[in-house]
Amino acid sequence: MPRLRDNGHVTDGTGVTPLGHEVFQIDTRMAGYEGITAGYLIRGDRPCLVETGTAPSAPVVRDALASLGIGPADLATVVVTHIHLDHAGGAGDIAAMFPAAQIVVHQRGARHLADPSKLMAGARMVYGRALERLFGVLAPVPAERIVALDDTGTIDLGGGRRLDSYYSPGHAKHHVGLVDSDTGDLYTGDAAGVYLPDTGDVRPATPPPDFDMDTALASVRMFAALRPSRLMFSHYGPVAQVDETLNRSAEEITIWVEETRQARAAGLDLDHAVAMVRDRTRDRYAAAGPDADPALADRFERVSSARGSVEGIMHWLDKTEQAAGA
């Protein structure tokens, strides 16, 4: 039996949610959890998958695509908004499962999909033993199947439909947003932060090493200037309140930077800075308030780690201070 999720869309046992216009949201069930990371299928003359999820999610995504009539020979394109492992960790496995598909990524990320060794080594330093449980191992994508995007680019969806890509750094140097020419949907990756459909909360995603406040805010402004009809969050789901949500995204980035700057100025270490920022921003989120469902609060933290965001802001503040003193 189909069931109604909290965001008002119907999903079935495959984790597939139809969103209209031949667009389908796929719950990649990252690390076994629901509602953490979404992939999206645009089904048409040239079926396209946006985001693969992690390597362990690849079989989940494959089965979801099969339920939508997309077999191994049918998928034309896989696009990742950036190469972080929750978005692109399954790229090599999906490439093997769908041998006709091109794998599309910004040019700054292309070499890491062809040779993931440096990316995986960096992730191993951050996550340690938890890496394989959370993200698995990114398998190499054959270099000849990778299409590297410039700062703007176009992905052919067939029948005159296309995805237009827009370079949107700030969260990551290899990040793009994608606009569907038919629907006006904007696939935001992590550049606009993360969204919790249960409560409507928006929280920044500002991890190290690439976070840059000015660049991140410029990307959010660029998204607004594109005038999309919906925002398609990788974490998690579609949002029709575009202007309100992008304004909130910029506001959250600014507030988290201000709070982290104060903690840093007070000489607090990372753990104490995280506690301070979490405490001072708690009342901004229904999922983090005193009456919040603990399971929902836990999911919000899994979607966007407060520690990771504060650490990324601290890293950026260190870099900007060093540059100012140079």
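Read-outs throughout are calculated quantities, based only on the coordinates presented, and are distinct from any laboratory measurement. This structure is a prediction, so every number in the text was calculated from the model and none was measured. As a convention, Cβ positions derive from the backbone with ideal geometry for all residues, glycine included, and neighbour counts pool all protein chains shown.
Under 5 Å from the amide H of residue 104 lie the amide H atoms of 78, 79, 80, 147, each residue being 5 or more positions distant or on a separate chain, with H modelled from the backbone and absent for Pro and chain starts.
Per-residue Karplus couplings for segment 117-123, computed as 6.51 cos²θ - 1.76 cosθ + 1.60 with θ equal to phi - 60°, are listed in order as 4, 5, 4, 5, 5, x, 5 Hz, Gly and Pro entered as x. With an a/c value of 1.5 or above and a/b not larger than b/c for the gyration tensor axes a ≥ b ≥ c computed over the alpha-carbon atoms, segment 244-298 is described as oblate. Shown in residue order for segment 178-187 are the 3J(HN,Hα) couplings computed by the Karplus curve 6.51 cos²θ - 1.76 cosθ + 1.60 at θ = phi - 60°: 10, 10, 7, 5, 7, 9, x, 5, 10, 7 Hz (x for Gly and Pro).
From its DSSP helices (H runs of at least four residues, each -39,500 (n - 2.57)), the chain gives a residue-normalised ellipticity at 222 nm of -11500 deg cm²/dmol.
Put simply, the amide H of residue 189, placed in the peptide plane, has neighbours under 5 Å in 234, leaving out anything fewer than 5 places away on its chain.
Near residue 224, within a Cβ-to-Cβ distance under 12 Å, what is the net charge of the other residues, with Lys and Arg +1 and Asp and Glu -1? Result for the local shell: +1. Report the residue, chosen from 90, 177, 289, that carries the largest GNM mean-square fluctuation when the chain is represented by alpha-carbon nodes joined by springs under 10 Å. Highest fluctuation of the listed residues: 289.
Phi angles across segment 41-58 convert, under the Karplus curve 6.51 cos²θ - 1.76 cosθ + 1.60 with θ = phi - 60°, into 3J(HN,Hα) values of 9, 9, 9, x, 4, 10, x, 10, 9, 9, 6, 9, x, 7, 4, x, 7, 4 Hz, Gly and Pro given as x.
Bridges between two residues of the chain, per DSSP, are antiparallel at a rate of about 70%.
For the chain, relative contact order (Cα pairs under 8 Å, six or more residues apart, normalised by length) works out to 13 percent. Largest GNM mean-square fluctuation among 28, 14, 37, using the chain with Cα springs under 10 Å: 14. When you count the other C-beta atoms within 10 angstrom of each residue and take the mean per peptide, 91-102, 260-271 line up highest first as 91-102, 260-271.
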